[in-house]
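Accompanying notes for the structure given below.
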Amino acid sequence: MVSIRQKLLGWYDETARDLPWRQTRDPYAIWVSEVMLQQTRVDTVIPYYERFLASFPTPKDLADADEDAVLSHWSGLGYYRRARLLHAGVREVVAQYGGQVPEDAEARRALPGVGRYTAGAIGSIAFDKEEPIVDGNVTRVLARLFRISTPVGSSVTSKRVWEEAARLVPGARPGVFNQALMELGATVCTPKQPSCESCPVAEHCDARAQGEVDALPVPRVRKAPDQVKLAAVVATQGRGPEARVWLLRSEQSLFAGLWGLPMIPRSAFDLSDARGALRDAGISASLGREPIGQLHHVLTHRRMQIDVFRATGAKAETSETRRLFRTDDLVSVGVSTLTKKLLASALS
Ligand code: SF4
């Protein structure tokens, strides 16, 4: 009988989507693509990937870049921690390995931000190593193929899925096989209404044989997102087209490393929260009495409701973490999508 492996490879050779990172075996480019693709859709990633590699074509170029330049290329992709870890990992590759991503699996896994998945993707695709990779798509396919009925995200499921992936990967073209498994999950074995009738491995599928396709994988138990109320202050100096806005660089917040507006959790609906945000930021300004608007922003585990205040005549000492920016200049520094939305709502 033709194995799952052979069938998947044959199917992938005929049907694979033509994506830019599939035209390279450069471990650095594959690393960049894999980090961008975590939590982000393929269509969204393509232009970011192309721009990023055009600006930083080699590990040395990325290692030499300052953080603002790196984050500005990431602005809009979200999960900025990924970008900072990629930057740190690539700097280590340049410092320790002369700019060559190491072939050795242990050395790859020791790099900042390189977990089992990313290490396996680089190892199998760039170096032809028989290393498994497991992401959401692979988990779904394997849970159905092997009728794994414990919840996604549990340690039992994770262990079993990695074991099955490791059992399947040895053989010819391990990197292509891993991509085929992910591609099957992305295009055929989809979360809803998978196309079992056109699936190349349907005859091996235990979930299909048992009529359990719709019941698998068993979803993870999800926590409701936290609701957070915040006050943000758009504090400007000057007027009209010459107006500049004070931004802070936070090292602690969710958006660590990015420039953002002074922001503080709201305890009650009065001005003191916005005053507190300005005071904590070391900015003196004339603060409007009422919020000028309210904005909602959703992150994976957080639903944010933000009252936006306006302050004018803002003065402060410039420092490493506090600077005045012209709004036109923000395209070249790292600011989050949330900051852009807040500025647009306040300055339009
Ligand atoms: S037969 Fe259906 S459920 Fe099974 S692997 Fe193929 S698409 Fe997924």
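The values are calculated or read from the model by the stated rules, or taken from the named source; none is laboratory data. Because the structure is a prediction, the values reported are computed rather than measured. No Cβ is skipped: glycine too gets one built from the backbone with ideal geometry, and neighbour counts run over all protein chains shown. Each accessible area value is taken on the protein alone, full model and side chains, heavy atoms only, with ligands, DNA and RNA left out. Shrake-Rupley method; radii C 1.70, N 1.55, O 1.52, S 1.80 Å.
Observations on the structure shown:
- Taking Cα centre as origin and charging only the Cβ of basic (Lys, Arg, +1) and acidic (Asp, Glu, -1) residues, the dipole magnitude of the chain rounds to 1060 debye.
- Considering only the stretch 226-347, percent of DSSP beta bridges that pair antiparallel, nearest 5: 70 percent
- The chain: angle of helix 174-187 to the longest principal axis, Cα-based, in degrees nearest 10: 70 degrees
- Taking 45, 245, 228 as the candidate residues, the one with maximal mean-square fluctuation in a Gaussian network model of the chain, Cα springs under 10 Å, is 228.
- Global form of the stretch 78-125, assessed from the alpha-carbon gyration tensor, a/c cut-off 1.5: oblate
- Listed residues 116, 310, 222, most fluctuating in the chain (Gaussian network, C-alpha, under 10 Å): 222
- Additional length obtainable on full extension of the chain from residue 81 to residue 220, 0.36 nm per residue less Cα span: 47.7 nm
- Stokes-Einstein D for the stretch 4-215, Kirkwood Rh over Cα pairs, 4 °C, 1.567 mPa s (µm²/s): 72 µm²/s
- Structure remark: mean-square fluctuation, Gaussian network model of the chain, C-alpha springs under 10 Å; the largest value among 276, 240, 120 belongs to 240.
- For the stretch 96-130 versus the stretch 209-229, the inter-centroid distance based on Cα atoms is 31 Å.
- Using 0.36 nm per residue and subtracting the Cα-Cα separation, the extra length available between residue 128 and residue 279 on full extension is 48.8 nm.
- Over the chain: helical MRE at 222 nm, DSSP H runs n ≥ 4 each giving -39500 (n - 2.57), nearest 500: -13000 deg cm²/dmol
- Computed from Cα atoms, the angle from the helix 337-347 axis to the main principal axis of the chain rounds to 30 degrees.
- The chain: angle of helix 4-15 to the longest principal axis, Cα-based, in degrees nearest 10: 60 degrees
- 30 Å Cα-Cα threshold exceeded, pairs from 159/192; 7/129; 192/223; 223/341; 192/341; 7/60: 192/341; 7/60
- Segment residue 325-residue 206, extension gain: residue separation times 0.36 nm, minus the distance between their alpha carbons: 37.0 nm
- Within the full protein context, the accessible area of residue 272 is estimated at about 60 Å² for a probe radius of 1.4 Å.
- Antiparallel content of DSSP bridges confined to the chain, in %, to 5: 70 percent
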